[in-house]
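**Student:** Below are the C-alpha cells for one structure; questions will follow.
Bear in mind these aren't lab numbers, they're just calculated from the coordinates by the rules spelled out. Bear in mind that the values here come from a model prediction, so they are computed numbers and not experimental data. Here the Cβ positions follow ideal geometry from the backbone for every residue, glycine too, while neighbour counts run over all protein chains shown.
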Amino acid sequence: MTTGDEFWSIYREALPILVIALGGGLFAGLVLEGILESVERFPGLLVMVPVFLATRGNVYGALGGRISSGLHQGLLPPKFERNDRLVNAVLASFVNGIGISIVIGVITWLALLIIGWESAALFEFVGIMFIAGVLTSVVMIVGLLALIFAGYKRGYDPDNLVGPIVTTLGDIFGMVFLLFSIGLVEVMVG
Amino acid sequence: MITPQGSLGSWDAKQIVLNMFPLLVVLSIIVLAAGITLEDAEEMLNEYGILAVMVPTMVDMGGNLGAILSSRLSTRFHLGTTELDPRDRVLWENIAAILALALTIFTALAVGAYALGAILGFGLPLSTLLVISLVSGMSVAVIAIIFSFAATYASYRLGIDPDDATIPIVTNVVDVCGMIIFIGVSALVLGL
C-alpha cells in the first residue's frame, strides 16, 4: 500500500454519506428555526429537541443494524411479510421509540424543576413527545425497512446504508413531526 | 447509533426492549446536557436564526465522524493489525481522513447556511459563519477522534463488543460536546 491510499479510500467512501446527512441536517435546522416561535408558549421545549433527535438515531440505528445483520446471515428475507423475527424486531422498536419519547418528556420536566427554570406542564411535554414519537416511529420503521430491503435487493451492503438513512430520515421526520406535534398540543390545550 | 451485532442472538421483542431500554434512558440523560445548553442559548438563537439552522448538523456530525472512525478502528483491532503504535502510518492516515472530512463538511455547512440565510433574509456574513462552523466543527472532530480511540481501545482490551455500548455512548457524548462548543464559539464570535 502506498502512502495516501487509506486516506483517500476513507475520504471517498464517507463523503457522499456525510453530504446526505448535511442536507438532512440543514432541512431539520430550518424546521428548528420555526419551532423557536413556539418556545414562548412551552418554556423549556428546546431542552427536548437534541434528546429527541439523538434518540431517533439510537432506536432506529439499532433496528437498522439488526435488520441488516439478519439479511447478511440469511435469517430474514428482504421483504415485508409476517415473519416472526421481523415482527418482533419491529415491535421492539415501536415500544423503545415510543417509550423513550415519554421518558424524555418526563426527564426534561424533572431537569427543569431541579435547575429551577421556567417550564411548561408535565402533561404538555409528555403529550408533545408521545405524538411526535408515535408518528416518527411509524415513518422511520416503514421507511428504513423499505430502503434497506430495496438497497439489499440491488446489491448494496445494508451495513453502509443504515447510518446515513437513519441520520437523514431521523433529522427530517423527527423535526417535522415535532413541529406538528407542538402545534397539535397547542390547539388541544388551548 | 446502536448496532447490536453482539446481542443479536435474541429476536424476542420483550428481550430486545429489556436489553436496550436502560441504555436508551442513560443516553437520554447524557444528551439532556445538550438540551439545557440549547435552551440557555434561546435568546441568541432568536436573534440569529441562522444559528438554529446549523444546530442539527453541528450536533450530528461529530457523532457521525466518531462512528466512521470507531468502526474502522474496531475492525483493525479485531484483525490484529493495530497495536496503537504512534509510528503506524495507517493510523495517522485514518486521523487525517477524518480531519479532511470534517474540514470539507463544516466548510459546506457554513456555505449552505449562508445560502439559506441569504434566501430567507436572516443571514450572517459568510466569513463569520465560516469561523463559527470551522472552529467548532474541527474542535468536535478532534474530540470525536480522541473519544473513538479511547473507547475502541478500551472495549478491545476489556473484551466488550464496541457496537453494543461504547459506540452509542461515544456518539452521544460527542453530540453533547458538539452542542456546547457550537453555542460557546458562536457567543464568542458574535461578542455576546
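**Student:** Using the Cα centre as the reference, give the magnitude of the dipole from point charges on the C-beta atoms of chain A (Lys, Arg: +1; Asp, Glu: -1; all else neutral), rounded to the nearest 20 debye.
**Tutor:** On the way: 9 positive and 14 negative charges, 131 e Å.
The dipole magnitude comes to about 640 debye.
**Student:** The range A:50-127 to the range B:106-150: how many Å between their Cα centroids?
**Tutor:** So the separation of the two Cα centres works out to 29 Å.
**Student:** On to the next question. In nm, to one decimal, how far is the modelled label at A:Glu81 from the one at B:Gln15, with both set 7 Å along Cα→Cβ?
**Tutor:** 2.3
**Student:** In addition: When you look at the Cβ of every residue in B:41-54, what mean number of other chain Cβ atoms sits within 10 Å? Intermediate values should be presented prior to the final figure.
**Tutor:** On the way: counts 1, 7, 0, 0, 5, 5, 0, 0, 7, 2, 3, 10, 9, 5.
That works out to 4 on average.
**Student:** Let me ask something additional. What percent does the relative contact order of the range A:52-162 come to when contacts are Cα pairs within less than 8 Å and at least six residues apart? Walk me through the intermediate numbers first.
**Tutor:** Numbers: 91 pairs, mean separation 37.6, N = 111.
Taking the mean separation of contacting Cα pairs over the length of the range A:52-162, I get 34 percent.
**Student:** Compute the length gained on full extension between A:Met188 and A:Trp117: take 0.36 nm times their separation in residues and subtract their Cα-Cα distance, giving the result in nm to one decimal.
**Tutor:** Working: separation 71, 0.36 × 71 = 25.56 nm, distance 2.44 nm.
Stretched out fully, the A:Met188 to A:Trp117 stretch lengthens by 23.1 nm.
**Student:** Other chains near B:62-69: what is the mean number of their Cβ atoms within 10 Å of each residue's Cβ?
**Tutor:** Partner Cβ neighbours, averaged per residue: 4.
**Student:** Using Cβ contacts closer than 10 Å as the measure, can you line up B:Ile169, B:Ile160 from fewest to most?
**Tutor:** Working: B:Ile169 18, B:Ile160 14.
Ordered by Cβ neighbours within 10 Å, fewest first: B:Ile160, B:Ile169.
**Student:** With only Lys, Arg, Asp and Glu charged, each at its Cβ (+1 for the first two, -1 for the last two), find how big the charge dipole of chain B is about the Cα centre; round to the nearest 20 debye. Don't skip to the answer; put the middle values down first.
**Tutor:** On the way: 6 positive and 15 negative charges, 93 e Å.
It comes to approximately 440 debye.
**Student:** Can you pull the percent of Cα pairs in the range A:1-112 with separation above 22 Å?
**Tutor:** Details: 3576 of 6216 pairs.
In whole percent, the share of Cα-Cα pairs in the range A:1-112 beyond 22 Å is 58.
**Student:** Another question, then. Determine, for A:Ile67, A:Ile172, A:Ile148, B:Ile95, the number of other Cβ atoms within 10 Å of each Cβ, and report the residues in order from fewest to most. Please report the intermediate quantities before stating the final value.
**Tutor:** Details: A:Ile67 26, A:Ile172 20, A:Ile148 23, B:Ile95 16.
Least to most surrounded, the residues fall as B:Ile95, A:Ile172, A:Ile148, A:Ile67.
**Student:** Sticking with this one: How shielded is A:40-52 by partner chains, expressed as the average number of their Cβ atoms within 10 Å of its Cβ atoms? It would help to have the intermediate numbers written out before the result.
**Tutor:** Numbers: counts 2, 0, 0, 2, 4, 4, 11, 10, 5, 8, 18, 13, 3.
Other-chain Cβ atoms within 10 Å of each residue's Cβ, averaged: 6.
**Student:** Find the percent of Cα-Cα distances in chain B that exceed 29 Å, and round it to a whole number.
**Tutor:** Details: 5799 of 18336 pairs.
Tail of P(r) above 29 Å: 32 percent of Cα pairs.
**Student:** Next up: Assign unit charges at the C-beta atoms only (+1 for Lys and Arg, -1 for Asp and Glu), then state the dipole size of the protein assembly as shown relative to its Cα centre in Debye, rounded to the nearest 20. Intermediate values should be presented prior to the final figure.
**Tutor:** Working: 15 positive and 29 negative charges, 195 e Å.
Dipole magnitude for the protein assembly as shown comes out near 940 debye.
**Student:** Put +1 on the Cβ of each Lys and Arg and -1 on the Cβ of each Asp and Glu in the protein assembly as shown; which of B:Met58, A:Pro77, A:Ile131 then has its Cα farthest toward the positive end of the dipole?
**Tutor:** Positive-end residue among those listed: A:Pro77.
**Student:** Now for a separate question. Shape of the protein assembly as shown from its Cα gyration tensor (a ≥ b ≥ c, root eigenvalues): rounded if a/c is under 1.5, otherwise prolate when a/b > b/c, or oblate? Spell out each step's value before the answer.
**Tutor:** Numbers: a/c = 1.67, a/b = 1.13, b/c = 1.48.
Here the protein assembly as shown falls in the oblate category.
**Student:** Further question on the same structure: Could you tell me the ratio Rg/Rh of chain A? Both radii from Cα atoms, Rh via Kirkwood.
**Tutor:** Details: Rg = 18.8 Å, Rh = 17.9 Å.
With Rh from the inverse mean 1/r over Cα pairs, Rg/Rh is 1.05.
**Student:** Among B:Ala97, B:Ile145, B:Ala41, which residue has its Cα positioned farthest towards the positive end of the charge dipole of the range B:13-189, with +1 placed on the Cβ of Lys and Arg, -1 on the Cβ of Asp and Glu, and the dipole taken about the Cα centre?
**Tutor:** It is B:Ala97.
**Student:** Among A:Ile100, B:Ile50, which comes first, then next, by fewest other beta-carbon atoms within 10 Å? Can you show the working numbers first?
**Tutor:** Details: A:Ile100 24, B:Ile50 21.
Ordered from fewest to most neighbouring Cβ atoms within 10 Å, A:Ile100, B:Ile50 come out as B:Ile50, A:Ile100.
**Student:** When the Cα centres of the range A:4-35 and the range B:57-78 are compared, how far apart do they sit, in Å?
**Tutor:** Computed from Cα coordinates, the inter-centre distance equals 13 Å.
**Student:** Can you give the extra length, in nm with one decimal, that the chain gains between B:Arg89 and B:Ala115 once fully stretched, where that is 0.36 nm per residue apart less the Cα-Cα distance?
**Tutor:** Numbers: separation 26, 0.36 × 26 = 9.36 nm, distance 3.88 nm.
Roughly 5.5 nm would be gained on extension.
**Student:** Could you point to the residue in A:Thr55, B:Gly184, B:Ala113 farthest towards the positive end of the protein assembly as shown's charge dipole, with +1 and -1 charges on the Cβ of Lys/Arg and Asp/Glu respectively?
**Tutor:** Of the candidates, A:Thr55 comes out farthest on the positive side.
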